[in-house]
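**Q** Pasting a structure below so you can have a look.
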Amino acid sequence: GAVVSQHPSRVICKSGTSVKIECRSLDFQATTMFWYRQFPKKSLMLMATSNEGSKATYEQGVEKDKFLINHASLTLSTLTVTSAHPEDSSFYICSARGALGYEQYFGPGTRLTVT
Amino acid sequence: RKEVEQDPGPFNVPEGATVAFNCTYSNSASQSFFWYRQDCRKEPKLLMSVYSSGNEDGRFTAQLNRASQYISLLIRDSKLSDSATYLCVVFNNAGNMLTFGGGTRLMVKP
């Protein structure tokens, strides 16, 4: 399957700071990228959908000013968690989809811990 | 009612057993269906797409019943390495996104 990378894999930050997570499609052009978060033993929760070159579409209840998403190229999307709080601690996973097909390929995830 | 529902399990089975999971979806307009596998603290990985005619990949068989709006996954000759959470996933063209079920946990024991 297609390869999606995510960086960093793990990050610990202090409350009030911002954290940027990168998601890259390595061997295909991702016209659409998705950002999810997952709490322990819970299902994936879609946060937002982004198409290259346009603004992200956020799911209900997700603050767009807190979770900034940029999808500047067909291979890179970034999620910035601004003014992080301990309740933002979670597993953040991106996925990417090409122009053809509906399958999404997931990055390895970023485990964020806010102290 | 959740859009995609799965029995969370866990299903505890011995090695070599055959196990089946079902999943129901509520949106009759759903177009594409998938099974993903997620290991603990890892990202989901695509296991197989589910086609209307049913499809098989080695020990794994997926079936789709549009009339009853359910999808199934059958695993034959279970291996210890099959232990994971299996996610039923539905694609809705209208929303242009995947909707995940809560997952079914499988534990294969020696």
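**Q** Against the conditions (1) within 19 Å of A:Tyr102 (Cα to Cα); (2) touching a Ser or Thr at 6+ places or on another chain (Cβ under 9 Å), where does B:Arg59 fall short? Just the number, please.
**A** (1)
**Q** Still on this structure: Collect the residues in the stretch A:35-52 that are assigned to a strand (DSSP E or B) and surrounded by fewer than 18 Cβ atoms within 10 Å (Cβ to Cβ), keeping them in residue-number order.
**A** A:Met45, A:Asn51
**Q** Can you tell me how many residues in the stretch A:75-108 are in contact with a Phe, Trp or Tyr (Cβ under 9 Å, 6 or more places away or on another chain), surrounded by fewer than 23 Cβ atoms within 10 Å (Cβ to Cβ), facing chain B (nearest Cβ under 8 Å) and over 18 Å from A:Asn51 (Cβ atoms)?
**A** Here the count works out to 1.
**Q** Taking strands (runs of 3 or more DSSP E) that fall entirely within the stretch B:1-106, which contain at least 1 residues that are within 11 Å of chain A (Cβ to nearest Cβ) and at pLDDT below 95?
**A** It comes to B:4-6, B:32-38, B:44-50, B:84-92, B:97-100.
**Q** Would you check which residues across the stretch A:59-74 are surrounded by fewer than 19 Cβ atoms within 10 Å (Cβ to Cβ) and assigned to a strand (DSSP E or B) and list them?
**A** A:Leu68, A:Asn70, A:Ala72, A:Ser73, listed by residue number.
**Q** Here is a follow-up. Have a look at A:Lys55, A:Lys20 and point out the one that is more than 20 Å from B:Lys45 (Cα to Cα), assigned to a strand (DSSP E or B), more than 14 Å from chain B (Cβ to nearest Cβ) and charged (D, E, K, R).
**A** Sole residue among the options that is more than 20 Å from B:Lys45 (Cα to Cα), assigned to a strand (DSSP E or B), more than 14 Å from chain B (Cβ to nearest Cβ) and charged (D, E, K, R): A:Lys20.
The values are calculated or read from the model by the stated rules, or taken from the named source; none is laboratory data. Computed from a prediction, not measured in an experiment: that's the story for all the values here. Because the Cβ atoms are built from the backbone with ideal geometry, glycine has one as well, and the counts that use them run over all protein chains shown.
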